[in-house]
Every structure is written in structure tokens, then in C-alpha cells.
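A.B. asks: A single structure is presented below for examination.
The values are calculated or read from the model by the stated rules, or taken from the named source; none is laboratory data. Note that the structure is a prediction, hence the values are computed from the model and not measured. No Cβ is skipped: glycine too gets one built from the backbone with ideal geometry, and neighbour counts run over all protein chains shown. Only protein heavy atoms, including side chains, enter the accessible area calculation; ligands, DNA and RNA are left aside. Shrake-Rupley method; radii C 1.70, N 1.55, O 1.52, S 1.80 Å.
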Amino acid sequence: MSVRSPLGNTRGLSSAVLHWWAQRLTAVALVPLVIWFVASICAMAGADYSVFREWITTPIVAVLLVLLTVATFHHAQLGMQVVFEDYVHTEWLKIASIGLVKLVAIGLAVATIFSILKIAIG
């Protein structure tokens, strides 16, 4: 019989549990965001550039696009991290790959958000 509490038994897994929760939360957040985005783009099929640009300048659309961007890139880098942790067995290569994916995800997310804000603000 153990005198440790359930919390004490899972303390060492806190990083893995946080990673698991972040992956699930971003997946759940992406479902309505992607449905909204695809429906919006389909509704604008055949529209010209000015209509699309006007759509992005709507504050709620700009906010939803930024949320979609953050959730997408964070979810993608979390997934790639799991792949590297599971299948890359050389420690330095695993760490370098995870770091590179995180940097690329941050860079692309920042560039995307900058583009959205530049169009939205003007």
C-alpha cells in the first residue's frame, strides 16, 4: 500500500500532461475556427480582392483569423514535437529538430499575424 497521493504519483508527468492538454485544447479550438474559415472562404468564392480585403478589416474577422493562426501553428508544433520525441533517437538531433520547428512555427505565426493586422488596420 502506498502513502502517496494521486497528485504525488503524477508530479513527474506534469510536462507531459500539460503538453497533452495543450494538444487537445488546440484541436478543439481549431474545429469551429476551421469550419468558420472554410465557410467564409466558400461564401466569397468569385469575389474580387477588394471584397476579401474588406472582409478582413472587420474586427471580429481579424480576431478570429489571429486565433486561427495561433491555434494552427501551436497545434502543428506540438504534433511535430511528439513525432520527433517518438522517432528521432539521437538526442542532439531530436533537440535541434524540436527547436527548429518551434522557431519556424513562431516565425510563420508572427508573419501571418503581422499580415492580418496590416490589412485589418490599413
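A.B. asks: Do we find a residue being touching a residue at least 12 places away in the same chain (Cβ under 8 Å), more than 19 Å from ALA120 (Cα to Cα) and open to solvent by less than 50 Å² (accessible area, probe 1.4 Å) anywhere in segment 35-55? Write out each step before concluding.
C.D. replies: Initially, segment 35-55 is screened for residues touching a residue at least 12 places away in the same chain (Cβ under 8 Å), giving 36-37, 40, 53, 55.
From the residues that got through so far, the ones that are more than 19 Å from ALA120 (Cα to Cα) too are none.
Within segment 35-55, not a single residue is touching a residue at least 12 places away in the same chain (Cβ under 8 Å), more than 19 Å from ALA120 (Cα to Cα) and open to solvent by less than 50 Å² (accessible area, probe 1.4 Å).
A.B. asks: Might you check whether a residue that is under 26 Å from ILE106 (Cβ atoms), surrounded by fewer than 10 Cβ atoms within 10 Å (Cβ to Cβ) and hydroxyl-bearing (Ser, Thr, Tyr) occurs anywhere in segment 8-16?
C.D. replies: Taking every residue of segment 8-16 in turn, at least one turns out to be under 26 Å from ILE106 (Cβ atoms), surrounded by fewer than 10 Cβ atoms within 10 Å (Cβ to Cβ) and hydroxyl-bearing (Ser, Thr, Tyr).
A.B. asks: Please find, among ALA45, ALA16, the residue that is at pLDDT below 95 and outside any helix (DSSP H, G or I).
C.D. replies: ALA45
A.B. asks: Another question about this same structure. Looking at ALA71, ALA105, which one is part of a helix (DSSP H, G or I) and closer than 21 Å to SER40 by Cβ?
C.D. replies: ALA71
A.B. asks: Another question about this same structure. Is at least one residue of segment 80-95 under 23 Å from TRP21 (Cβ atoms), in contact with a Phe, Trp or Tyr (Cβ under 6 Å, 6 or more places away or on another chain) and either open to solvent by 40 Å² or more (accessible area, probe 1.4 Å) or in a helix (DSSP H, G or I) (or both)?
C.D. replies: There is at least one residue in segment 80-95 that is under 23 Å from TRP21 (Cβ atoms), in contact with a Phe, Trp or Tyr (Cβ under 6 Å, 6 or more places away or on another chain) and either open to solvent by 40 Å² or more (accessible area, probe 1.4 Å) or in a helix (DSSP H, G or I) (or both).
A.B. asks: Under 6 Å between Cβ atoms, at least 6 apart or on separate chains: pull out the pairs that start in segment 84-102 with a residue that is closer than 24 Å to VAL70 by Cα and end on any residue that is in a helix (DSSP H, G or I) and charged (D, E, K, R).
C.D. replies: PHE84/LYS94
A.B. asks: Tally the residues that are within 13 Å of the chain's Cα centre (by Cα) and either open to solvent by less than 90 Å² (accessible area, probe 1.4 Å) or among the acidic types (Asp, Glu) (or both), restricting the search to segment 18-34.
C.D. replies: Matching residues across segment 18-34 total 10.
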